[in-house]
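Below is one structure; the comments refer to it alone.
The values are calculated or read from the model by the stated rules, or taken from the named source; none is laboratory data. Quick caveat, the model's predicted, so the values are computed rather than measured. Backbone-built Cβ (ideal geometry, glycine too); neighbour counts: all protein chains shown. These accessible areas exclude ligands, DNA and RNA; they are computed on the full protein's heavy atoms, side chains included. Shrake-Rupley method; radii C 1.70, N 1.55, O 1.52, S 1.80 Å.
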Amino acid sequence: MSGTRILLIGPPGAGKGTQAIELSAAFGIPAISTGDIFRHNVKNETPLGLKAKAFMDAGDNVPDSLTNDLITDRLEDPDCSNGFLLDGYPRTPDQVRHLDEFLASHNTALDVVVQLVADPDVVVERLRLRATEQGRSDDNEAVVRHRLEVYQEQTAPLIDIFSSRNLVAPIDGIGEISDVTERIMNALAGRGITAS
Ligand code: AMP
């Protein structure tokens, strides 16, 4: 396998989805958001969606087993053979193990973990706006605060795991979209990762 493999990690509301679109276009790789895949399944009332809905509405993580199966299926699609960007996965240590095994069994590895850093008060405000604009059922204030707690407890510790592998590029996620994208592109270039 060739290409670039990027993880985007950061609290809800840090702008991962927005930057995922920019990076996906710049690198010509698919942006894969487990949240988007789950929302699509919930909307279409698939068996997976029916299982995931209650967890999502409560702002809890969907169980690892469901999430890991979903991501294996998606990463085996042909469009991922030349790299991919993962937005919102992995979110737990078990998901990191699963992804590690998947990549090792395909003789490949991650190139970088982009950590979008944003102050909790700023992300709560951003998500409040998104709730008005997009009507996401998990964007009300109580659920947003819970999702931030879940991020702190279950996902933030992954940054240490990836830091110990020298993979983490911390990026200030506050500012204009294009400025944040530029910061990311510069940090990646500094690591020798450029869009060819
Ligand atoms: P997101 O769009 O990334 O904010 O995800 C929305 C919701 O989907 C989360 O609050 C979780 O309920 C669920 N979800 C998305 N990705 C994952 C994941 N990797 N592990 C578990 N649950 C997830």
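Residues that are out of contact with any Ser or Thr (no Cβ under 9 Å at 6 or more places or on another chain) and open to solvent by 40 Å² or more (accessible area, probe 1.4 Å) within region 1-22 comprise just one, Ile21. Quick check: anything in region 44-60 within 18 Å of Leu8 (Cα to Cα), part of a helix (DSSP H, G or I), within 8 Å of the ligand (Cβ to nearest atom) and touching a Gly at 6+ places or on another chain (Cβ under 9 Å)? For region 44-60, residues within 18 Å of Leu8 (Cα to Cα), part of a helix (DSSP H, G or I), within 8 Å of the ligand (Cβ to nearest atom) and touching a Gly at 6+ places or on another chain (Cβ under 9 Å): absent. Here Asp64 does not qualify as near the ligand (Cβ under 9 Å from one of its atoms) and exposed (fewer than 15 other Cβ atoms within 10 Å of the Cβ). From the list Gly35, Gly59, Gly28, the lone residue that is more than 14 Å from Leu85 (Cα to Cα), small (Gly, Ala, Ser) and under 19 Å from the mean Cα position of the chain (by Cα) is Gly59.
Of Ala25, Ala31, Ala54, Ala58, all but one fail to be open to solvent by 30 Å² or more (accessible area, probe 1.4 Å) and over 24 Å from Asp94 (Cβ atoms); the exception is Ala25. The listed residues are Leu116, Leu85, and the only one of them that is part of a strand (DSSP E or B) and within 18 Å of Gln152 (Cβ to Cβ) turns out to be Leu116. Within the span defined as region 92-106, every residue fails to be more than 16 Å from the ligand (Cβ to nearest atom), in a helix (DSSP H, G or I), of a type outside the set (Gly, Ala, Ser) and closer than 24 Å to Thr194 by Cα. Contact map, region 45-61: first residue in contact (Cβ under 8 Å) with a residue 40 or more places away in the chain, second residue among the hydroxyl-bearing types (Ser, Thr, Tyr), Cβ cut-off under 9 Å, separation 6 or more or different chains; pairs are Met56/Ser137; Asp57/Ser137; Asn61/Thr67; Asn61/Thr92; Asn61/Thr155. Only residues that are open to solvent by 30 Å² or more (accessible area, probe 1.4 Å), assigned to a helix (DSSP H, G or I) and within 12 Å of the ligand (Cβ to nearest atom) were counted in region 127-146, giving 3. Check region 71-83 and report whether any residue there is near the ligand (Cβ under 9 Å from one of its atoms), more than 25 Å from Arg145 (Cα to Cα) and buried (at least 16 other Cβ atoms within 10 Å of the Cβ). Yes, there is a match, as at least one residue in region 71-83 is near the ligand (Cβ under 9 Å from one of its atoms), more than 25 Å from Arg145 (Cα to Cα) and buried (at least 16 other Cβ atoms within 10 Å of the Cβ).
Within region 152-169, restricting attention to residues that are open to solvent by 20 Å² or more (accessible area, probe 1.4 Å) and assigned to a helix (DSSP H, G or I), the residue that is farthest from the ligand (Cβ to nearest atom) is Ser163.
Restricting region 170-181 to residues that are on the phi < 0 side of the Ramachandran plot and of a type outside the set (Asp, Glu), the residue that is nearest to the ligand (Cβ to nearest atom) is Gly173.
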